[in-house]
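Read through the structure below, which is laid out as C-alpha cells, and then see the notes.
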C-alpha cells in the first residue's frame, strides 16, 4: 500500500471514529465501544487538523475565472480577475501555507474576500489568515454567532474563535457581490446541515457551491447541536435543485464536482432513508431496532464508505426527526 493510501485510510478511520462521537448521548445507542476510545487522551482537534492538512490540494477548472480546490477540508472555490480573488471556504489551519501558494499560482491578484459556507472548522478555519491577508470575511449572521461560542463536536472541543477570525460582514437572507464580471448571489438555507448554511451562486458561469448541504457520494453529517436536521437537509437539496439546470456545475462541501443528476440522486437517497426511518420510528422502533432493520442496505456500498458510516447516519436521521 502506498504512503498516500495509508494516510487517506488513517484519516478516514479517524474521521469515522470522531463522527461516531458526534452528539454524545444523542447517538450513544448506535455507537460501538471503540468509538469512545479511538482518540482518547489526545487532542482530537489538533490531530484532525494535522491529518486533514496532509491531503494534497487538487484543482478543477470550472470556468475561465473559477477554480475548485479540494483536499485539506471542504471544497474551495476561487474567483479570479482584475478585482482580486473572491474565495469560498478555506481548508484547515495547517493547510494555509499550501493554500496560499495555490491561490498565488492562480494569478488572481490580492485576496479581496472570503466567504464561509457555514461555521465548521474544515470550512472556516483560516478566517484569521485571510483577514491578515487583507480579506473581508462574509458569512451568514448565524455563522458569526456560532463562531463566538464554544462547541463540543465530533469528539473535539472548539473554543470561541478569536476576534480576527470572525466574519466582518454578515447577512440574514441574501447578499450579492459584483466582481470580475460575475454577480455572486449568497443565499441563506434554513437549518439543514447546520443553522448557518448558505449557497453561493455564480450567475454568469452557472456554478453553485452548496457547502455541506451536499455531500457527493457519501452519507452526510448532520450537526444537530447547531440546528441541523434531516428534513432541513432535504429542503436544502430541494432548494438547490430549483436553482440549477442540466448545465450547472455543482460544488459539494465534500466529494467530487457534481451536476444536477448527482444532486437529484443525493436528494432521493435522503428522502428514501428519511421515509424508512420515520416509518420505523413512528411504529415504535428504538434506534437499535432501526439500525438492525438495515434500511440503508442497498446504499451502503456506495454511500457508506466516506465520512459517515450507515449506523451513525441512521442515528442522526432518527434523532433529528
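Computed from the coordinates by the stated procedures, all read-outs in this text should not be read as laboratory data. Everything numeric in this text was worked out from a predicted model, so none of it was measured. Note that each Cβ is placed from the backbone with ideal geometry, even for glycine, and that neighbours are counted across all protein chains shown.
Each residue, residue 321 and residue 288, gets one label point 7 Å from its Cα in the Cβ direction; the gap between the two is 1.9 nm.
The candidate values are [x] 58, 49, 33; [y] 120, 47, 26; [z] 59, 44, 41; the one derived from this structure for Cα extents along the principal axes in Å carries the label [z]. Mean silhouette area of the stretch 248-321, derived from the convex hull of its C-alpha atoms and averaged over all directions, reads 5.1 nm². Taking only Cα atoms, what is the 0 to 90° angle, nearest 10, from helix 230-242's long axis to the longest principal axis of the chain? So the inclination is approximately 40 degrees. In deg cm²/dmol and to the nearest 500, what is the mean residue ellipticity at 222 nm of the chain if only DSSP H runs of at least 4 residues count, each as -39500 (n - 2.57), divided by the residue total? Calculated from helices alone, the mean residue ellipticity at 222 nm is -10500 deg cm²/dmol.
Taking every DSSP bridge with both residues inside the chain, close to 70 percent are antiparallel. Neighbour counting of Cβ atoms within 10 Å sorts the residues 313, 130, fewest neighbours leading, into 130, 313. The stretch 77-143 and the stretch 158-192 have Cα centres separated by 12 Å. When 282, 225, 218 are sorted by how many other C-beta atoms sit within 10 angstrom of their C-beta, beginning with the fewest, the order is 282, 225, 218. Averaging the Cα positions of each part gives two centres, and for the stretch 46-69 and the stretch 234-309 these lie 24 Å apart.
Working from label points 7 Å from Cα in the Cα-to-Cβ sense, the residue 152 to residue 63 distance is 4.5 nm.
Roughly what angle does helix 3-20 make with the longest principal axis of the chain, taking Cα atoms, 0 to 90 degrees, to the nearest 10? So the helix axis and the longest Cα principal axis differ by about 60 degrees.
Just to be sure I understand the curve: with the Debye formula and one point per C-alpha of the stretch 97-137, what is log10 I(q)/I(0) at q = 0.26, 0.29, 0.30, 0.33 Å⁻¹? Evaluating at q = 0.26, 0.29, 0.30, 0.33 Å⁻¹ gives log10 I(q)/I(0) of -0.99, -1.13, -1.16, -1.22. Considering all different alpha carbon pairs of the stretch 186-258, the Kirkwood hydrodynamic radius works out to 12.1 Å.
Derived from the Cα gyration tensor, the three semi-axes of the equivalent ellipsoid of the stretch 133-220 are 24, 19, 11 Å, largest first. The long axis of helix 310-320 is offset from the longest Cα principal axis of the chain by roughly 90 degrees.
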